[in-house]
1. Looking only at the range B:780-792, count every residue that is surrounded by fewer than 17 Cβ atoms within 10 Å (Cβ to Cβ) and under 18 Å from residue B:506 (Cα atoms) and tell me the total.
2. For residues in the range A:35-77 being part of a loop (DSSP other than H, G, I, E, B) and away from chain B (no Cβ under 14 Å), which is least open to solvent (accessible area, probe 1.4 Å)?
3. Which one of these does residue B:194 not meet: (1) at pLDDT 85 or above; (2) surrounded by 15 or more Cβ atoms within 10 Å (Cβ to Cβ); (3) of a type outside the set (Val, Ile, Thr)?
4. Can you name the residue in the range B:111-138 that is polar (S, T, N, Q) and either open to solvent by less than 20 Å² (accessible area, probe 1.4 Å) or in contact with a Cys (Cβ under 9 Å, 6 or more places away or on another chain) (or both) and, of all such residues, is nearest to residue B:78 (Cα to Cα)?
5. Which of (1) modelled with pLDDT of 80 or more; (2) in contact with a Ser or Thr (Cβ under 9 Å, 6 or more places away or on another chain) is the odd one out, the single condition residue B:164 does not satisfy?
6. Any residue at all in the range A:95-109 that's over 22 Å from residue B:400 (Cα atoms), surrounded by 20 or more Cβ atoms within 10 Å (Cβ to Cβ) and not aliphatic (A, V, I, L, M)?
7. From the list B:426, B:380, exactly one residue is touching a helix residue (DSSP H, G or I) at 6+ places or on another chain (Cβ under 6 Å), away from chain A (no Cβ under 14 Å), of a type outside the set (Val, Ile, Thr) and part of a helix (DSSP H, G or I). Which is it?
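The values are calculated or read from the model by the stated rules, or taken from the named source; none is laboratory data. Owing to the predicted nature of the structure, the values given are computational and were not obtained by experimental measurement. Positions of Cβ are backbone-derived with ideal geometry, glycine not excepted, and every protein chain shown enters the neighbour counts. These accessible areas exclude ligands, DNA and RNA; they are computed on the full protein's heavy atoms, side chains included. Shrake-Rupley method; radii C 1.70, N 1.55, O 1.52, S 1.80 Å.
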Amino acid sequence: MLELRDVTKLYAGIPVVSEVSFVAQTGEVTGYLGPNGSGKSTTLKMIAGLIEPSEGQILFNGLPIGRNRIAHKQRLGYVPEEPHLYPHLTGAEYLEMVGQLRGIPGGQLVHKTTGFLRLLGLHADRDVPISSYSKGMRQKILLAAALLHNPDLVLLDEPFSGLDVNSALVLRGLIRELAARGKVVLFSSHELDTVERVSSRIVILHKGRVVANDSIQQLRALMSLPTLEDIFSQLAVEQNTEAVTQEMVELIES
Amino acid sequence: MQDERHQFRILYRDFLSRLVDLELIAAVGDVRGLIVRFGSMLAALSFVLAYMILPRYATSIWSHDRLVVSARGDEEFLISTTIVVAGLCSVMTWNAVFPDRLDGLILGLIPVRARTMILARIAAIATVLGTAILVLNSFTGLSFPFVLAAGLRDALFAFGTWWLVVAAAGIFTFCRGLAVQGVAAQLFSWRAFLRISGFLQLAALFTVLALFFLAPPFNTGHPPAFIPSFWFVGLLHELRGDRSQLFGSLAARAMIGLSTIVPLSIILYILSWSRNVRRMVESPDILPAKHARIASSFAKMLSPAPLERAILLFTARTIARSRQHRMILAIYGGYGFALSLAFSRSFLEGTATASWNKPNVSLLIAGLLLLSCAVAGVRAIFSLPFAMPSNWIFRITAVHRPAPYFAAVRKSLFALAALPVWIAAAVWYLAIWPGRPALEHMLVLVLAGIVMMERSLYQFRKIPFTCSWLPGSTHWKMKAGAWGLAFLALANGIAGIELWSMEKSARMVVLTGVLGAAAIHARRRTRQFATEPDNRLQFEDLPPADIFALDLRQDGTSSDDQAYVEAIDPHRGRSFAARLRPLAVAALLLLATGVVYEQAGEWRDRRNFPQIGHSVDIGGRSLNIFCSGAGSPVVVFETGFNQPGYTWLLVQPEVAKWTRACWYDRAGFGWSDPAPGPRTGTDIADDLHKLLRAAGIPPPYVLVAHSFGGFDARVFAARYRSEVAGLVLAESADEFEDPDQIPKSMQSRLGQLVPPWIRRPAAAVAKFLVHAGLARLMDDGAGPPPPHVAEHDAEVIHAVQLQPRSFDMYIREGLDRDQTITQVRAIRDLGTLLLAVLTGARSVAPQNDQEEALEVAAYMRVRIYERQANLARLSTRGRQVVLENSGHAIPYEAPGAVVDSAREVVEEARSAADGAPIPTK
């Protein structure tokens, strides 16, 4: 179980994430939503241990993750939002390196990397530098790197970005399956449809604060709205999208 | 329609900033600051050059013609410095002169004319080049042109032509590099060009550095025609109206070069641009990888542990595939290579005195230099980031304690820097030198390499290429620079020590022992640092912790791997004594080993060189004496400083043919026991008297004394006058010498270096070290024996001289020398004692210093014909014999003369005492 208790992150005194508290249960998929700049990626980075919270606690299975960072990283699989990969390495070399850094034994590593590359449709391009990969291909590499070591906690930040339809379907099923196999899965995405289908629980962030934290069914019932998109628009969207659209068209044509 | 000028300005600014690789700089780094720092370095260099060169013209007493010749050399040096900087600019901007994929992808979508982009790029490159040349010549260019100017008009003209030529040289050099790239870009596909571009860049770098270090001094005889700096010197003089044929031909080459290379490079550049800009969008900027199974297999062999293998492969692949890192490594390699060539220059020119196929200083330095540059270069690029945002994967996967990561980095440095140099050096040295010296040098290189690696990695807590770099954090680079300069300054000395150590096994053992201890200590220190409890990996280079107190953190990419990590010093809190302990232990071990070495050497000498003579007890200690022959008076031989009696081996047997002849060893020398207390002339004379009594050798005696022994003999003659029938003083020391009159080439080096007030404590230390084997370690063996002396006899003499007790007595007699002289002066004269003074008169003047030779000749004249003559006048029956063909070592150089003089004195003594007739010769 992953638990955040009043987690806050300040940059130069400005709260980017403010008193965020929620629980992501084992065996559940928790969707983490919010507009751009709401603090989603910052929260995921704090859970991944890449940045320190200014206040609050993050616990995994009841223990603060800061108590034993090494153990936490051993259990953690993380797909970041930006696909920063070493461009000079090939896909195979990158996965091999990650597996070696995680201490996966040689034979097992070869089996896993070959399997992932094949299943993700990257086998033919395994010896091509990542600099030549498309966005979707990089995303697949990130995914494979995050899952190589069978993590207990899976953090996915915009994992569907750049994926083709086929791969997106595979990933959707994978997320469900990972949860079914007892992992904690927390993922953020702008694709509300997908989130709605996959997640058992939703946390919505707006301006750094949690504005919703419940199962989708409960939220629908509470707010009397049929879809997640409607709920999201109610809670987190400030703009009149129609008006904005009109104004942009006028600007372009001016 | 977009304003082209406006577009040009925007593109120019963008290209200018991209000529500096922004990825190298940390988030808080500053491009402007970096440029300012680089410019300051060039300006400082200009100032230093001006400071070194200009005073000669302001204060020199040289003639004008000589100054003109000197100026030409300085002109060539300054122009070649500009060429080097322009060449380095060409190398540093090698990848930036052509558009890259970003330009194609971004600018390709915007309506900008190709000519605008080309002009903007050329302008940006010209700005960098022009600024570098300007700053480099900021001091020299404003002062040097005026040094020989006569009048304002001449000065202004000289100034203008100087700047014109310097700019031309810089432009030529840069365009030359550009032309090479342009040709390659035309001939090959873009992908192939990417592959060979790196090699061309390296070749350009090597050429620039090699020409700088290997160019001979400019002389107006026949300077090599292929050196560009000489062409521009010619151009400078041609512009100034010097119509000599030499300058004319050089200037012609400069003009041909400029008129060919500059337009060619521009044309090729434009053609390459239009040919390749489309194709490069489709190609990766990074070279495509090939199956690297060999690399993986090698890595697996070298590093079985997955973590080590991961970091080794990552490091190797990044170096191989990152142009920036390769280029910087190439600078270090080029520098080391060029310096090695410079040190080996005499072999290349065929003027070396040493043989290349035997160990020599130049080739020893070359190996050490290349190793140093390899380790320094790879270590330097470890600090330079690559694809910084991608380093998150190392943070996320930091599932081990820091120590294994540091060990992995160490192994990478070993595999990528030291190992290739060791392998290449082993092949090279084993090919050109005999096995043993080659292996010895390899051992030195291995140990030195370990020390360098451990020192360079101490407190380095980064995974290579994954930590940002602040240009301001030059602490390590300054240290490395200082060490590098120190190494260069001491290179000859260091290689000299190694070469000297190769002459004797014991020395090599000491040298490798010292290096080995240093390597072990460095390794221990690094391991201690790696296992410090608070240690952690570092991923961001930020200013020191006082900034953090204000909590002015940047955008958080920091984590439990703290952005800035406090400096960890495992030795903090340790007392000075505790820090010195390892050194003290090492010193004690070294001393103990030395003592054992000395004792073993003495045992071996005792076994190989048994006693000659027999020991006679003179009361609590014994002296060694050897006698042969029969008759009276007995000729007794006294030796000089630190000489055993056996040095009379060419004289004593001849004298023994017609009388009894004895040589003996003074206390502490040869096979005699040392004596306590002072060793003045009186003490030595009394010892001899006791010896002769105890040995049953009755008077009268004729004393034959050499060098300092002359003082002892005179004291003996004065104290035991009735027992001495005569004296032969062979190249005896005299009390009339004025130390201030001794020419420099004849003064004792040690006496010059060691001031009088420190001699006693220094002597005590030296004695201690000799007992710990130092003299035996430094000893070069007996050397070629003197004429007519058998090799074995020379070895006997050498062996007994090497004993510590001989050194002790030598020191004692030296320190008591002044007292001995006082005792001798008190004697005043020798009455009617038979006296022969033999003086060596062979010239000892140095051949290569006329002034010194004159001084030595004058000194010798005084010595021979005044001071030594005064010795002969000490007795009313004294006479001097000047030996033109002998130097100071009369017992070896003129033994016959000593025999003859001894015979004459003995005959006269016998005649006076009605002694037994002696056989005719």
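1. Pass one, the range B:780-792, residues surrounded by fewer than 17 Cβ atoms within 10 Å (Cβ to Cβ): B:780-781, B:783-788, B:790-792.
The next check asks that each one be under 18 Å from residue B:506 (Cα atoms); those that pass are B:780-781, B:783.
Matching residues across the range B:780-792 total 3.
2. Let us first name the residues in the range A:35-77 that are part of a loop (DSSP other than H, G, I, E, B), namely A:35-39, A:49-54, A:61-62, A:65-68.
With the extra rule that they be away from chain B (no Cβ under 14 Å), the set shrinks to A:35-36, A:38, A:61-62.
Details: A:35: 35, A:36: 133, A:38: 4, A:61: 96, A:62: 48 Å².
Step by step, filter the range A:35-77, then rank; the result is A:38.
3. Failing condition for residue B:194: (1).
4. First, pick out the residues of the range B:111-138 that are polar (S, T, N, Q): B:116, B:127, B:131, B:137-138.
Subsequent filtering for residues that are either open to solvent by less than 20 Å² (accessible area, probe 1.4 Å) or in contact with a Cys (Cβ under 9 Å, 6 or more places away or on another chain) (or both) retains B:116, B:137.
Values: B:116: 35, B:137: 8 Å.
Here the answer is B:137.
5. (2)
6. Quick first cut of the range A:95-109, residues over 22 Å from residue B:400 (Cα atoms) only: none.
No, there is no match, as no residue in the range A:95-109 is over 22 Å from residue B:400 (Cα atoms), surrounded by 20 or more Cβ atoms within 10 Å (Cβ to Cβ) and not aliphatic (A, V, I, L, M).
7. Selected residue: B:426, the only one of B:426, B:380 that is touching a helix residue (DSSP H, G or I) at 6+ places or on another chain (Cβ under 6 Å), away from chain A (no Cβ under 14 Å), of a type outside the set (Val, Ile, Thr) and part of a helix (DSSP H, G or I).
Every residue, every condition in (1) over 16 Å from residue B:835 (Cα atoms); (2) surrounded by fewer than 18 Cβ atoms within 10 Å (Cβ to Cβ); (3) touching an Asp or Glu at 6+ places or on another chain (Cβ under 8 Å), yes or no:
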| site | (1), (2), (3) |
| --- | --- |
| B:862 | yes, yes, no |
| B:880 | no, no, no |
| B:884 | yes, yes, no |
| B:887 | yes, yes, yes |
| B:893 | yes, no, no |
| B:904 | no, yes, no |
| B:907 | no, yes, no |
| B:911 | no, yes, no |
